[in-house]
Structure formats: C-alpha cells, structure tokens
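Computed from the coordinates by the stated procedures, all read-outs in this text should not be read as laboratory data. Note that the structure is predicted; figures quoted are calculated from it, not measured. Cβ atoms come from the backbone with ideal geometry, glycine included; neighbour counts cover every protein chain shown.
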Amino acid sequence: MSPKFSMVGLVLVALSLTSAQNDSDFLYDYFPEDFEWGFATASYQIEGAWNVDGKGQNIWDEFTHRNVSPIVDGSSGDVACDSYNKYLEDVELLKNTGVNFYRFSLSWSRLLPDGTNRTVNQRGIDYYNKLINALIANGIEPMVTLYHWDLPLALQGVGGWTNETVVQHFENYARLAYSYFGDRVKQWITLNEPFVVCQLGHGDGVHAPGHTSPVEPYLCAHNILKSHASAYRLYERDFKESQGGQVGVTLDSGWYEPEDPNNPDHVEAAERAVLFKHGWYAFPIFFGDYPPVMRQLIDQKSEAEGLQESRLPEFDNYWSQQLNGSYDFLGLNHYTTELVVPENRTDPGYSGDQNTRTYQSAEWPESASSWLKVVPWGFRKIMNWIKNTYGNPTLYVTENGFSDTDAEGVNDQGRVDYYRDYTNNMLKAIKLDGCNIKKYTAWSLIDNFEWARGYTERFGAHFVDFNDPARMRTPKRSQGYLKQLFADNGFPPPKQ
Ligand code: PNW
C-alpha cells in the first residue's frame with residue numbers, strides 16, 4: 001500500500017471515530033456475527049386461561065378482580081391475548097420476524113397451583129412442553145423467565161416475598177422447571193425486575209399485592225435475592241453438568257443523568273440514584289452485599305426514625321457467599337432516563353432514602369406511558385455504567401420498547417424511531433465502548449395486558465384486537481422494521 005493511500009485511510013478512520021462518538025451521528029455498522037435477536041412476553045400479560053386446566057390463582061388474578069379495580073380501565077388478564085390457546089400463532093409471528101430466540105415466562109401457579117410442590121399440574125407442564133417444542137421445531141431458542149410477577153396466591157396468603165419461607169418454595173419451583181424443561185431450555189432467567197416486584201408491589205402499591213410500606217420493599221428484596229441465589233446454586237449443583245445451560249437474572253434500570261453534570265453534588269446524586277435502582281439488586285449478586293451508600297443512608301435514617309433496627313436487612317456470611325457471583329449473564333431491561341438533583345429528604349421509604357429528586361425533561365419525546373420518555377443516549381450510558389461498575393459482565397438486553405395507544409394502530413412510526421435510535425446506541429456501546437452485549441430482546445411481540453395500565457398502553461410489534469374474541473394479531477410497521485434489522489444484523493450504510 002502506498003504511503004499516500006494509508007494516510008488517507010488514517011484520516012478517514014479518525015474522522016469516522018470522532019463523528020461516531022458524537023451522539024447525534026448515526027452509526028452505520030454491524031453487530032458481532034454471534035449477536036442474537038428476540039422478543040419478550042410474560043405469562044400473565046398474554047396467556048389468559050386464568051382459571052382453566054388446573055391453574056391456581058396468582059396475585060394478579062386477585063388484584064385485578066378486586067371490587068374497586070386498581071387497573072385504570074378495570075380490565076384483567078383473564079383472557080389477555082389468549083396465548084394459552086393461540087401460542088402456535090405467536091410462534092408463527094416469531095418465525096416471520098426472523099428471531100433467534102423467544103423470551104417468555106412460566107406461570108408458577110399453572111405448574112404448582114398453590115405454589116408448593118404438593119401438587120404438580122400436568123396440564124400446565126403439557127402447555128409449556130408444547131410451546132417449547134413448537135419453538136424448537138421452528139429454530140427458535142427458548143429463553144425462560146421463572147418469575148414475571150405472578151406469585152401463587154396461596155403463597156401471598158402467608159406473606160409472599162416478605163416471608164422468608166418463599167425462598168425454599170422458589171427453589172422447589174425452579175427445580176421443577178429445570179427437571180421438566182431443562183433438556184431443551186438452556187437460557188434461564190430467575191426473576192424479572194425484582195425492583196418493580198418489591199417497590200411497585202410493596203412500596204407504592206400500584207402493582208399486586210398492592211401494599212404501601214417503607215419497610216416491605218427492603219424485606220421483599222432481601223428474600224427475592226436469596227431466592228435468586230438458591231435457584232442459581234441449585235442449577236449449578238444439580239443441573240449444569242448434565243444440561244449445560246446458563247442462569248441469570250433480569251434487572252431493570254433507567255439511566256440517571258445529573259441535572260447539572262458540572263456540579264459534583266448533582267453527579268454524586270445521580271450515582272446514588274443508579275446505585276439505589278440497579279445496585280440494590282446487582283451489588284449482592286456481583287459483590288455479596290448492598291451498595292455501601294444504601295447501608296449508610298438507610299441505617300442512619302432508620303435510627304433517626306427511632307426504629308430498633310435498620311429497614312435494610314443484612315446478609316449473613318452464608319447468604320453473602322451464596323449470592324456473590326450467582327450469575328452466568330446479566331439481563332437488563334431498559335426503557336428511559338431521568339434527571340437527578342440532590343435533595344435532603346426525611347420521608348421514610350425507598351424514594352426518600354436516596355436524598356434525591358428525579359424528573360424528566362419536557363423536551364424529551366413522549367410515549368403513551370407517563371414514565372417513558374425517549375432518550376436513546378441514556379441506553380448507551382447505562383450499558384457503560386454496568387460495564388465499568390461490574391467488570392464488563394456478559395449482558396443480555398432482555399427488554400426494551402415503546403408504548404403507544406389504539407390511535408396509532410399499525411402505523412407505529414414512534415416505535416420504529418425508538419427501536420432504530422435505541423439499538424443504534426447499543427451498537428455504539430458495543431463497537432465504540434467495548435460493552436459485552438450479546439443479545440437484544442424487544443418488548444414486546446404482541447400488544448398485551450400492561451399491568452396497572454390495562455390495555456390502554458400498547459407495546460407490541462403486532463397489534464392485538466382486544467375486542468375480537470379471536471384476538472387477531474396484525475403486524476405493525478415496527479415489525480417490518482425489526483425484521484429488517486434482525487436480518488441485516490445492523491445498519492447497512494445508505495446507498496449513495
Ligand atoms: C417492564 N417503570 O415493566 C416489564 O418487565 C414488562 O412486563 C412491562 O410490560 C414493560 O416493562 C413495559 O412497562 C416496567 O415504571 C413497568 O419504570 C414499569 C416501569 C418499568 C418497567
């Protein structure tokens with residue numbers, strides 16, 4: 001190569017590097033060859049069939065059936081997308097979009113009606129066997145979440161996640177799942193978003209079981225972490241050698257950006273916010289204990305409140321060791337970003353404990369969900385924070401997505417733009433920042449029951465007509481977009 005030629009090459013490389021690091025620039029490049037693409041769903045949000053074929057009730061059945069409905073449109077997951085009957089259609093949609101894998105969750109009370117291994121519901125086993133076999137027959141790898149928020153009601157009767165006995169029940173349930181499905185399922189996620197389980201279910205009360213408390217979320221988190229560790233160690237001990245799969249956990253975290261990045265107090269407050277959100281669950285799993293700043297602030301505030309002991313429980317040596325390193329990969333659910341300012345607070349509970357206040361910029365594009373603003377660069381920042389904080393673990397994006405309403409129908413350009421810009425930031429995190437991201441999962445395959453928001457917010461790449469008894473599914477514009485993205489495995493440069 002002539003010196004002149006290589007000089008030109010160097011200048012071009014330098015130019016493209018500087019321009020690509022500027023976030024406003026789109027990166028035309030490809031994902032690594034072994035990168036994998038999929039869709040996610042969750043049992044309660046899609047299955048329906050809440051009281052048939054031996055399924056026991058769970059806390060969302062009870063929550064949605066309350067006389068005064070806590071759901072904005074008074075709806076429930078009784079029928080949802082009827083995927084219990086229409087799972088083969090779902091597999092068709094997956095196949096048509098060209099995914100590598102499908103992330104779905106098992107309904108604990110469909111398999112163990114009262115949550116304990118006293119009775120196994122064979123018809124529940126049959127259902128998931130049929131689904132798993134159909135996926136595999138179509139070349140789609142199953143990725144299974146054990147717990148996506150639908151705790152068996154009988155276990156809630158004795159305190160649910162706030163009673164330590166749940167740990168053994170979860171381990172028994174995990175053993176059942178590994179035993180029956182582990183010959184074909186190699187990707188296991190113990191829990192989906194323990195933060196949402198504990199804070200929205202036990203702190204704010206907007207999710208089942210609807211408790212409001214400054215203490216329960218920390219207790220819930222403590223038992224949920226032990227449950228995760230038990231299920232992880234069980235697989236490691238009794239299944240890993242024969243089945244050869246992987247076990248991880250899915251944690252949700254937004255990105256927390258200091259309002260004023262030049263103010264050290266703002267920077268510290270934003271760091272606190274990420275530690276309280278992501279670190280609350282990830283620190284025990286990566287390091288064996290809660291983040292020091294949580295220990296310090298919650299101990300101090302508990303004492304000031306006149307409590308005998310801290311609202312944040314402690315791990316003994318045994319649990320600290322069980323937890324430490326209990327992951328083969330880390331799952332990340334990410335949707336949005338918040339701005340953070342420091343604020344001295346005395347209101348007891350998860351929010352006040354952080355001494356921060358968070359809000360979202362009015363300039364960020366909106367979705368149909370009040371909490372979800374479109375901030376694509378935040379995705380790249382949380383991935384880098386995870387890389388730097390935990391030593392660049394294997395990261396699977398297990399959810400990412402955008403909501404709209406009936407009004408958009410299948411013309412969901414907002415979702416197309418969201419997926420394009422978020423996945424492009426993920427590409428930058430991989431190619432420019434060296435983040436170890438191996439899989440990406442779009443939420444969601446189909447519109448579904450969006451928890452407290454009922455059917456008023458749609459996240460699907462396929463439209464579901466909830467007025468139609470057949471629950472017809474229709475591909476949206478975003479389905480076509482994702483299909484192309486998955487097939488290209490990236491962003492081919494625009495043709496000149
Ligand atoms: C996730 N928030 O939940 C869940 O894993 C899905 O089941 C859900 O449908 C999806 O995201 C869309 O909401 C979240 O308030 C719920 O920050 C609420 C929040 C985040 C995630």
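Results, tabulated for the structure shown:
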{"quantity": "Sequence of V99, V72, V79 once ranked by neighbouring C-beta atoms within 10 Å, starting from the fewest", "calculated": "V72, V79, V99"}
{"quantity": "Cβ-derived FRET efficiency at R0 45 Å, R123 paired with V68, nearest 0.05", "calculated": "0.85"}
{"quantity": "For peptides 403-409, 195-201, 52-58, sequence by mean Cβ density within 10 Å, most packed first", "calculated": "195-201, 52-58, 403-409"}
{"quantity": "For the range 166-205 and the range 76-102, distance of Cα centres in Å", "calculated": "21 Å"}
{"quantity": "Pair Q300, D465: separation of 7 Å Cα→Cβ label points (nm)", "calculated": "5.9 nm"}
{"quantity": "Highest to lowest packing among 118-129, 162-173, scored as the average C-beta count within 10 Å", "calculated": "162-173, 118-129"}
{"quantity": "Per-pair calculated FRET efficiency, R0 = 30 Å: V158 and A137 via Cβ, rounded to 0.05", "calculated": "0.15"}
{"quantity": "Cα-projected label distance for L88 with M472, points at 7 Å along beta-carbon direction, nm", "calculated": "2.0 nm"}
{"quantity": "Burial ordering of K387, K301, fewest other beta-carbon atoms within 10 Å first", "calculated": "K387, K301"}
{"quantity": "Relative contact order [Cα under 8 Å, 6+ residues apart], the range 7-488, whole percent", "calculated": "17 percent"}
{"quantity": "Proximal lysines relative to K95, as straight alpha-carbon distance under 19 Å, when same-chain residues fewer than 8 apart are discounted", "calculated": "K86, K130, K439, K476, K483"}
{"quantity": "Estimated FRET transfer efficiency when R0 is 22 angstrom, pair N262-W371 (beta carbons, to 0.05)", "calculated": "0.20"}
{"quantity": "Those Cys residues of the chain for which no other cysteine Cβ falls under 4.7 Å", "calculated": "C81, C435"}
{"quantity": "Point-to-point label distance, E309-R233, nm (Cα→Cβ direction, 7 Å offset)", "calculated": "2.0 nm"}
{"quantity": "DSSP bridge orientation in the chain - percent antiparallel, rounded to nearest 5", "calculated": "20 percent"}
{"quantity": "For the range 7-488, Kirkwood radius (reciprocal of mean inverse C-alpha pair distance, Å)", "calculated": "22.9 Å"}
{"quantity": "Three-way shape call for the range 294-366 based on the alpha-carbon gyration tensor, with the a/c threshold at 1.5", "calculated": "oblate"}
{"quantity": "Peptides ranked, highest mean first, by Cβ atoms within 10 Å: ranges 311-318, 85-92", "calculated": "85-92, 311-318"}
{"quantity": "Value of D in µm² per second that Stokes-Einstein yields for the range 151-192, Kirkwood Rh from Cα pairs, at 20 °C (1.002 mPa s)", "calculated": "188 µm²/s"}
{"quantity": "Residue order, fewest to most beta carbons within 10 Å, for C435, C220, C81", "calculated": "C435, C220, C81"}
{"quantity": "Where only C-alpha atoms are counted, convex hull volume of the range 80-127 per residue in Å³", "calculated": "88 Å³"}
{"quantity": "Scattering curve values for the range 209-325, log₁₀ I(q)/I(0), Debye with Cα scatterers, q = 0.11, 0.13, 0.15, 0.21 Å⁻¹", "calculated": "-0.46, -0.62, -0.79, -1.22"}
{"quantity": "Alpha-carbon Rg with Dmax, taken over the range 316-424, Å", "calculated": "17.6, 54"}
